[in-house]
Amino acid sequence: MVHHHHYHEYMQQKMRRNTSNQQQQNKRHKFFINDNIDILREILKRLDGPSLGVASCVCRLWCNLTNNDDSIWEHLCFRHVLTPPPATVRPVVVALGGYKRLYMVCVRPVLSRLSESERVMKRVWTRHEVQLSLSLFCIDSYERLAGGGGMIASDASPSSLMFLCNPINV
Amino acid sequence: MAQEASSSTSSKTISLKTGDGEIFEIEASAAKQMKTVQRLIDDLGDDITIPLHNVFSKELPKIIEYYKKDITGEITKDFEAEFVKDLNDDEVKVLFLAANYLDANKLFEFLSQNIADRLESKSVEYVRKYFGVENDFTPEEESKLREERAWSFRGIKEDE
């Protein structure tokens, strides 16, 4: 009799503990990332280029962030650079069209030429690659001022920089 | 008298109580790395069990493990890789949110990068589901966006 009673108590305690595990799950404050943009930004700025493209398709908020928050692209452009570029670089880049444009027009084509796929092996950029990207960016800017094409390679004139966006045919 | 007792923090331990009522001990120097905890200690004193309403017994031990390594200066890339190796994407998210709540900067940054790495080459649907975000684009808007970003979608596991 006594044995049966203890077992019953034991089972009740076990059930109580199981429901309290459930309650633990429910007690967790519901976290919604779209209400915590700072946290969302922390994740976005650590994504690689193609993943940012994917992220911009998630919803309107993410699309707006990836389109309008240039600091996300700034992180992306110089992520693998050993020493960050000097502070004097930023106003120039912003004046020439911003970091997103720098990435799309110069960094991305250079990176994809260095590797087979868009998802480049993570390696440290040399100072020269940074300089190259920035120089190309300046050239792109002047071309636009002179009435050149947009970011699509096919639009541009033969002498344009946009040949960089074409795959290599060796 | 009380002042004397708390003057040396190097070997003092702090008691933390999780949202589900379990108590864990950490070194005072580790507590310093979690700004939320340190603030509570400053307000409540270091002899009281510090309540952490939004951190639970599932994740706190892992966080304590990280900061135990941190105070001995032993956090290496290998340690960090090992730390997240057996965690699934949801478990990492829980840890990440706890690190945010605790204002534990080093762990938060590490886990942000880990989550970003895990999201690489995942589909849009996977990312939406992971964060519980709803698609508020019209089908036309979405397909236009995807077309513009076609270069992003090479190599994505679409059905994941």
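Does B:Asn88 meet the test of being under 12 Å from the mean Cα position of the chain (by Cα) and within 30 Å of B:Ser57 (Cα to Cα)?
Judged against the criteria, B:Asn88 is not a match.
Provide a single number: the residues in the range B:42-61 that are away from chain A (no Cβ under 14 Å) and buried (at least 18 other Cβ atoms within 10 Å of the Cβ).
2
More than 19 Å from the chain's Cα centre (by Cα), exposed (fewer than 12 other Cβ atoms within 10 Å of the Cβ) and either part of a helix (DSSP H, G or I) or at pLDDT 90 or above (or both): is that true of B:Glu4 in this structure?
yes
Of the residues B:Val92, B:Val55, which is free of Cβ contacts under 8 Å to residues at least 60 places away in the same chain and closer than 26 Å to A:Leu52 by Cα?
B:Val92
Residues of the range A:55-94 being free of Cβ contacts under 8 Å to residues at least 40 places away in the same chain, surrounded by 13 or more Cβ atoms within 10 Å (Cβ to Cβ) and outside any helix (DSSP H, G or I), which ones?
A:Ser56, A:Cys57, A:Val58, A:Cys59, A:Asp69, A:Arg79
B:Asn135: in contact with a helix residue (DSSP H, G or I) (Cβ under 7 Å, 6 or more places away or on another chain), crowded, with 18+ Cβ neighbours inside 10 Å and at the interface with chain A (Cβ under 7 Å from one of its Cβ atoms), yes or no?
No, not satisfied.
How many residues does the range A:20-54 contain that are in a helix (DSSP H, G or I), modelled with pLDDT of 90 or more and at the interface with chain B (Cβ under 7 Å from one of its Cβ atoms)?
So the answer is 8.
Pick from B:Asp70, B:Asp103: which is over 20 Å from A:Phe32 (Cα atoms), touching a residue at least 40 places away in the same chain (Cβ under 8 Å) and charged (D, E, K, R)?
B:Asp70
Within the range B:146-153, identify whether any single residue is facing chain A (nearest Cβ under 9 Å), aliphatic (A, V, I, L, M) and closer than 30 Å to B:Ile26 by Cα, and answer yes or no.
No: the range B:146-153 contains no residue that is facing chain A (nearest Cβ under 9 Å), aliphatic (A, V, I, L, M) and closer than 30 Å to B:Ile26 by Cα.
Among the residues that make up the range A:85-105, is at least one of them modelled with pLDDT of 90 or more, over 12 Å from the mean Cα position of the chain (by Cα) and within 14 Å of another protein chain (Cβ to nearest Cβ)?
No: the range A:85-105 contains no residue that is modelled with pLDDT of 90 or more, over 12 Å from the mean Cα position of the chain (by Cα) and within 14 Å of another protein chain (Cβ to nearest Cβ).
Kindly indicate whether any position in the range B:95-113 is over 29 Å from B:Ala28 (Cβ atoms), facing another protein chain (nearest Cβ under 8 Å) and under 15 Å from the mean Cα position of the chain (by Cα).
Scanning the range B:95-113, I find no residue that is over 29 Å from B:Ala28 (Cβ atoms), facing another protein chain (nearest Cβ under 8 Å) and under 15 Å from the mean Cα position of the chain (by Cα), so the answer is no.
Within the range B:17-63, restricting attention to residues that are of a type in the set (A, V, I, L, M, F, W, C) and out of contact with any helix residue (DSSP H, G or I) (no Cβ under 7 Å at 6 or more places or on another chain), which residue is nearest to B:Phe96 (Cα to Cα)?
Top of the filtered list is B:Leu60.
The values are calculated or read from the model by the stated rules, or taken from the named source; none is laboratory data. Given the structure is predicted, the values throughout are model-derived calculations rather than measurements. Cβ sites come from the backbone with ideal geometry, for glycine too, and all protein chains shown count toward neighbours.
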